[in-house]
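Just so it is clear, none of the values below were taken in a lab; they were calculated from the coordinates. Because the structure is a prediction, the values reported are computed rather than measured. Glycine gets a Cβ as well: all are built from the backbone with ideal geometry, and neighbour counts include every protein chain shown.
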Ligand SMILES: Nc1ncnc2c1ncn2[C@@H]1O[C@H](COP(=O)(O)OP(=O)(O)OP(=O)(O)O)[C@@H](O)[C@H]1O
Ligand SMILES: [Mg+2]
């Protein structure tokens, strides 16, 4: 039995006059991995960033419609943006560790919410790093700069940093596109492992990756959702010609 | 032809670089050649630890301590004013102001940087000093307090423009990481943006410090000129630069007094040198 966690209703988005997301109705199921695929510029990142209100930071951006997280509209005037972003965490295309220690990177989310007790912080840091499969690599150097980690390690640390907030949803925007194949494989396995704890929404250009890790696949094209369904079904019997063309590499 | 141009280009830039370095060494050499002879007559101890600066008395004495404190007092005072305001301005311009406001404020602050120091001095004498006399009830408005304010205003643009450069080079990705973790703008600025720009920001303080401690015209005009160790911020002081500039016009070439002014300049040089050295060490060592 799958539960709907996020629903978008008539989601429309503009950057000034550029109409980027065309009236989208879209569902994210709880504790599943949903992949967002589509050609460059079709609005995948923009859609993803709508889920944690990251687009609020762009003055040119205008949004209409609703995004319901467990029935609550995150764009409601009473909604607390910082709360939304705590519940819906994000990992970016390029690893973006703060120029702080590994420990302080992972503890950041708690610290800004005023958590000072060292035992709590220690526990959360350890648990998050374990959940992100990087604890063993960093446990002896928690107090060294996060910038000294390799790219793949940095990305897993960024995942740990997001997990420390105990989010319901994790948004991943091409999290492996800047990484080598080995680090990529590790993060893919990690995503599957995390599925029990958190709902994952992942943008990827790597069609094979979407096929390997996702339960659901959404194909976007020029601001529209062309196709949505279980990954197995979308990959084997796409309903739309454009999905089929994209999956077979006719364009992309 | 192309090779010739290449060589020419290299030579021209090379000589330009050499020239700057020669100028530096020329200045240092002059300072030490003219400054060191003083120590044949005056002990290093007197120079550093006595506060009696009576270069023209019958019983001359050349204790530079009061002058040193004078410089330090007005410079620290200037930093106390300019650091928060300069950094605040920088944060406002880089993080908060819209692009329109930015376009108005930035050139105005650059304008502030372009005002000659003698004009700052006039402002201090003609406006600030009388204002203080009227409102605080002190006898003279030419003192540490006034000098600090005027010097502070003078170095605000240095601190704000350099800090702003540093803040705006902080990658957007770091801000997004912070917002993405549920941080507010304030938390993002204070915990991520400013610490990430730390090197440039501290650099701006050091630059402001150097500018303030070396400033001459303003302190001649508004610091009061009394060679004494101050006991309150409303005491007049005589910074090193004041003595050098004012007394050089009155002294006899080659006299001890003449040499002592170069010794003061050496002191000034060493202060700025040490400050720069410390910041280099501090900034390039610690990455946290
Ligand atoms: N900050 C912005 N300001 C203005 N327009 C933007 C902005 N970000 C994205 N856009 C526009 O929105 C559209 C969708 O961009 P988006 O980044 O969502 O595409 P994408 O599917 O993620 O592409 P890619 O696969 O290349 O990452 C594009 O036309 C882009 O030019
Ligand atoms: Mg994208």
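Listed values, structure above:
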read-out	value
Debye intensity ratio in log₁₀ form over the Cα atoms of chain A, taken at each q of 0.11, 0.13, 0.16 Å⁻¹	-0.59, -0.82, -1.20
In degrees, nearest ten, helix A:102-112 long axis to first principal axis of chain A (Cα)	70 degrees
0 to 90° range, to nearest 10: angle between helix B:256-285 axis and chain B longest Cα axis	20 degrees
Rg over Rh [alpha-carbon atoms, Kirkwood Rh] for the protein assembly as shown	1.14
Estimated FRET transfer efficiency when R0 is 51 angstrom, pair residue B:6-residue B:40 (beta carbons, to 0.05)	0.45
Choice from A:111, A:155, A:166 with maximal GNM fluctuation in chain A (Cα, 10 Å cutoff)	A:111
Cα gyration tensor, region A:55-94 - rounded (a/c under 1.5), prolate or oblate	oblate
GNM result for chain B, Cα springs below 10 Å: residue of B:98, B:63, B:35 fluctuating most strongly	B:98
Fraction of the pair-distance distribution of region A:1-132 above 26 Å, Cα-Cα pairs, percent	35 percent
Between 0 and 90°, nearest 10: helix A:151-163 axis offset from chain A longest Cα axis	90 degrees
Per residue, the convex hull volume that the Cα atoms of chain B enclose (Å³)	210 Å³
Footprinting exposure proxy for A:53, B:238, A:113 (fewest neighbouring C-beta atoms within 10 Å first)	A:113, A:53, B:238
If the convex hull is drawn through the Cα atoms of region A:140-252, its volume per residue in Å³	128 Å³
Whole-angstrom gap from region A:91-162 to region B:1-69, using each part's C-alpha centre	50 Å
Ranked list, fewest to most other Cβ atoms within 10 Å of each Cβ, for A:232, A:182	A:182, A:232
Exposure proxy order (Cβ contacts within 10 Å, fewest to most) of B:59, B:259, A:143, A:205	B:59, A:143, A:205, B:259
Convex hull (Cα only) mean projected area of region B:1-97, reported in nm² to one decimal	12.8 nm²
Intensity falloff of region B:182-288 expressed as log10 I(q)/I(0), Debye formula with alpha-carbon point scatterers, at q = 0.21, 0.22, 0.23 Å⁻¹	-1.10, -1.15, -1.20
Three-way shape label, region B:126-208, alpha-carbon gyration tensor, a/c 1.5	prolate
